[in-house]
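Where a number appears in this text, it was derived from the coordinates with a stated rule and is not lab data. Computed from a predicted model, the values in this text were never measured in an experiment. Because the Cβ atoms are built from the backbone with ideal geometry, glycine has one as well, and the counts that use them run over all protein chains shown.
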Amino acid sequence: MELTGSAGFSLISWMLAGVVATIGALCYAEVGTLVNESGGEYPILYKGYKGGKWPAFMFAWTCSTILKP
C-alpha cells in the first residue's frame, strides 16, 4: 500500500489479485470434477501429461519432502 501512492489504487490492485485467485480456484475445481479419482494433484498430473508417472511422482515427492513435511 505504501508504494501505490493512493488508497484507491491499492484497493483496485487488491481486487484484481482476488479475481486472479478466484479464476485459479475455479480452474482447479473444474479439473477436479473431470478427474474422478482420489489423491489430490497426483491423478491430475498423472493423466494430464504424456508419460505422467515421472511428473506426478516428482510432484508427490517434492510435496512430501520439501513443501509440506
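Structure values in brief
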| read-out | value |
| --- | --- |
| Enumeration of residues in segment 1-33 that are in a helix (DSSP H, G or I), over 16 Å from the mean Cα position of the chain (by Cα) and not small (Gly, Ala, Ser) | 9, 11, 12, 14, 15, 16 |
| Count of residues meeting criterion [surrounded by 13 or more Cβ atoms within 10 Å (Cβ to Cβ) and aromatic (Phe, Trp, Tyr)] in segment 23-69 | 4 |
| Subset of segment 15-46 [of a type in the set (S, T, N, Q) and more than 28 Å from residue 57 (Cβ to Cβ)] | 22 |
